[in-house]
1. Please compute the Cα-Cα pair-distance distribution of the range 85-222 with 10 Å bins starting at 0, giving whole percents from short to long.
2. Search the structure for amide H atoms under 5 Å from the amide H of residue 121, placed 1.01 Å from N in the peptide plane, and list their residues when 5 or more places away or on another chain.
3. Taking θ = phi - 60°, what integer Hz values does the Karplus form 6.51 cos²θ - 1.76 cosθ + 1.60 yield along the range 10-15, in sequence order, with x for Gly and Pro?
4. Taking θ as phi - 60°, what are the ³J(HN,Hα) couplings along the range 303-317 by the Karplus curve (6.51, -1.76, 1.60), each to the nearest whole Hz, with x for Gly and Pro?
5. Considering only DSSP states other than H, G, I, E and B, which GluC sites (Glu not before Pro) in the range 293-381 qualify as loop sites with at most 13 other Cβ atoms within 10 Å?
6. Non-local amide H neighbours of residue 57 (under 5 Å, H modeled in plane, Pro and chain starts lacking H): which ones?
7. How much length is gained on full extension from residue 166 to residue 296, taking 0.36 nm per residue of separation minus their Cα-Cα distance?
8. Please work out the Cα convex hull volume for the chain and give it in Å³ per residue.
Amino acid sequence: MKKIAILGSTGSIGTQTLEVVDHNPDMQVTALAVGSSIDPLEQQIRRYHPALACVWDEKKAGELRVRVADLPVRVLSGMDGLLAVATQPEAQIVVTALVGMIGIRPTIAAMEAGKDIALANKETLVTAGHIIMPLAAKLGVHILPVDSEHSAIFQCLQGENRGTIARILLTASGGPFRGRSLAQLRDVCVEDALKHPNWAMGKKITIDSSTMVNKGLEVMEARWLFDVDIDQVQVVVQPQSVIHSMVEFADGAVIAQLGTPDMKLPIQYALTYPERRDLPGKRLDFAALAGISFENPDMETFYGLRLAFEAGRRGGSLPTVYNAANEYAVRKFLNREIPYLAIVEMIEAAMRQHRVVDAPDVSQILATEQETYEYLKRIEGRWK
């Protein structure tokens, strides 16, 4: 029986993980954690009977305790609760599907408790990859990517010598605004940016996809996951989202992973690795496929991607600034407090004023996050 703890169980990745569990009778959910969504969490508790649950918001946790008083589940809150879920003795693998840098400490704690990590929280590697990957190697735990692109690369590398990687070809759909100019993006509203052409995802990652900041985060994540130089990662726009990513090797061979845009495939592969299992759902119909096209990304219009390469090359605490500024700006945009183009403008402003700390520890990473928030709060008036 594969026993699973899920951090972020009511989000897009969390709910799809539970769909995978539904299809695999030898999987059992032992612990769940959310931010504040106690209605769906209560339903999950009643269906999957975890021994432990966490709600970040203590008030909401108190409400949930009353609701599930008839069940043998312990409900905790805050960071202590997240750490308890991440280190629960029964769990063998922890799905880290939290959004944001809040995932760093629980991920490290889970690894130190001997858990494998099904990683959907890209911010953990973007900001702390220099800590996470050496620690995983030292502890002998697996970091199994859940992002469709990183899972594709991981699948392409099975049986291969990673020392022969020439390039990682990280594919991107281009998002809902592919082909538009900066002038055409000036009046984009929240509803426009949430209309992704291929994928159904949470709000934050959907906005990130529209700005291509999400691809920038994935570039930095790939650098750590696959131990390559950041300039060995090339972004290729593949609008149909059929090729999920590719690897080019020293001899010129290119191996690609293809499939329908369905996150349950990389989730299940992470949970069952190295085994492959049946997965219900639509299959690629090559006869019906009109074509697969490729483009270079427009790094002038979507210059958040260019800034990601800059942050990744410099390293240290600069990727943390990039990520934290984006989290702050996206939250403001979703609240309709800043215009769409201000998202990347805020990222650039925060990066330009930052004094980089080389090889930051976790406390320095979290301090950099807070400093970035405080800086943007002081200057955000220029965008209102």
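1. All Cα pairs, binned at 10 Å, distribute as 11, 36, 31, 17, 5, 0 percent.
2. Amide H neighbours of residue 121, under 5 Å, 5+ apart: 96.
3. Each residue's phi maps through the Karplus curve to give 9, x, 4, 5, x, 5 Hz.
4. Using θ = phi - 60°, the values come out as 6, x, 5, 4, 5, 5, 4, 4, 5, x, 5, 6, x, x, 8 Hz.
5. Of the GluC sites (Glu not before Pro), the ones in loops of the range 293-381 whose Cβ has at most 13 other Cβ atoms within 10 Å are 300, 337.
6. 78
7. Working: separation 130, 0.36 × 130 = 46.80 nm, distance 1.85 nm.
Net length gain for the segment: 45.0 nm.
8. On the way: hull volume 54.3 nm³, N = 384.
About 141 Å³ per residue, rounded to a whole number.
The values are calculated or read from the model by the stated rules, or taken from the named source; none is laboratory data. All values derive from a computational prediction rather than experimental measurement. Please note: Cβ atoms are built from the backbone with ideal geometry, for glycine as well, and neighbour counts cover all protein chains shown. Heads up: the accessible areas ignore ligands, DNA and RNA and are worked out on the full protein's heavy atoms, side chains in. Shrake-Rupley method; radii C 1.70, N 1.55, O 1.52, S 1.80 Å.
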